[in-house]
1. Over the alpha-carbon set of segment 13-85, divide Rg by the Kirkwood Rh and report the Rg/Rh ratio to two decimals.
2. Would you look at the GNM of the chain, springs on alpha carbons closer than 10 Å, and say which of PRO322, PRO50, PRO363 moves the most?
3. Return P(r) of segment 68-147 (all Cα-Cα pairs; 10 Å bins starting at 0; whole %; ordered from short to long distances).
4. Excluding residues fewer than 8 places away in the same chain, name every one of the lysines whose C-alpha is closer than 29 Å to that of LYS422.
5. What are the principal axis extents of the Cα atoms in segment 122-206, in Å, biggest first?
6. Determine the relative contact order of the chain: mean sequence separation of Cα pairs under 8 Å and six or more apart, normalised by residue count, in whole percent.
7. Where does the longest stretch of the chain lie that holds no chymotrypsin sites (Phe, Trp or Tyr not before Pro) found in a DSSP loop with 13 or fewer other Cβ atoms within 10 Å?
8. Taking the 0 to 90 degree range and rounding to the nearest ten, how far is the long axis of helix 18-56 tilted relative to the main principal axis of the chain, both from C-alpha atoms?
Amino acid sequence: MSTPITPDAALEPAQDTPAARRWRWRIVFMLLLVSTINYLDRGTLAVVIPRLRGLFHISDAQYASVVQSFFYAYAAMYALSGWIMDRLGPRLGLGLSAAWWSFAAAGNGLVQGILGLRVFQFLLGIGEPAMFPAALKFAQERFPPRQRALAMGVFNAGTSLGGTLAPPLVVFLMLRYSWRIAFFSVGMVGLLWVCGWWWVNRAGAMTRAGVREIERSPEAASNAPRPGWGAMMRHPQVWGVLAGRACSDPAWYFYLFWLPTYLYKVRHFSLVAIGAYGALVPALASAVGNVAGGWLSGVLTRFVSPIQARKLVMLITVAAMPLIYFGTHSASNTVVIAAISLATWMHQSWSVNLQTLPADSCPAAVSGRVAGLSGTAGTLASIPFTTFIGWAASQHHYNWIFLAATSIYPIGWILVSILVRKRWDDASLTVA
């Protein structure tokens, strides 16, 4: 016998006292920190790899295989991590995941060759995806629709701040100490954050803020009405979010993992120049894009529905793609950095709105799984794209890479626009 799913009660937060508002923005700040650490951890390899290429004799194709080992684990665990967040809630689930990936990040400092890099990048990929469905669950449970994208934008800005900090910090640690110390250091920062996360989320602090506990134990969660995977996948909103990630994540991973290599090999930047501004400026631009994209869609919700607001901001991203593509053809390094900075700005404006769509279009019972599946879709699409990058880079065809990286967004926007038109009817969703 099927059990109907009740309408999403999390459209407005259950507590809206001043103390509760301060508490939830304090949690957003902690999420900002952990997303910064998350991307600092995964970005460290991209900065260190020019040194490791000579030390371990790593070719472009071999480096691509290292990145792919991260993707394989990341893709598999993204969907599972969404299910875990739906079951455990973000407090426990995120704390455990952050501890895992911090140990994995530090473990990269122990490697003796390319096999070790593949192993520890795989382990890093197991832990890191949980951050995104955890943040979405928190935003859906604690924020009204008009503030969700801004909360997600502040959280997601950490992905840019991590990219901002990685080049100068890792270059400093590598030149001052060693590349091994660079990996150990970023792993330790993550473990310190885990301690802070447990302290901020302790029961006493929540009680003083007047925040009702809404995260369930695994036992209680197992008794809650919850749709099956098949029922969930019958809704076009789910496929629209998956398509949006599949048609944008590959470009983002190119900038994340390959930008230092491109600047070093093609534009002849030194490691110091990469750390000082080559990778720093695009990372700063992406941080601005996160907050600006979330803020703008929040403003637009005063005039249109949240779903329409998210898609309008994503359309702005699509309009910028020709400027980005032709800008990367310039002989001027300044123009190229400006074009790549525009690309990272636009991607993060796209990303923060796309990542908020599961909360806008799906019930709370499945939003974590939808967010997780979308991450899996984006990562799976990035695996063949990375193979293409490895081949194109070895053949010096970076123009082809930039063409592909800018062409996928219009395809993604069309699919999202067609498939995600309205919030699905909660009453039609049942569980066996």
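The numbers here are math on the coordinates, done by the rules we state, and not lab data. Computed from a predicted model, the values in this text were never measured in an experiment. No Cβ is skipped: glycine too gets one built from the backbone with ideal geometry, and neighbour counts run over all protein chains shown.
1. Taking Rh as the inverse mean 1/r over Cα pairs, Rg/Rh reads 1.21.
2. PRO322
3. 20, 42, 25, 10, 2
4. Output for LYS422: LYS137, LYS311.
5. Projected onto the principal axes, the Cα atoms of segment 122-206 cover 46, 28, 24 Å.
6. It rounds to 30 percent for the chain.
7. Here the longest run is 1-176.
8. Helix 18-56 and the main axis of the chain meet at about 30 degrees.
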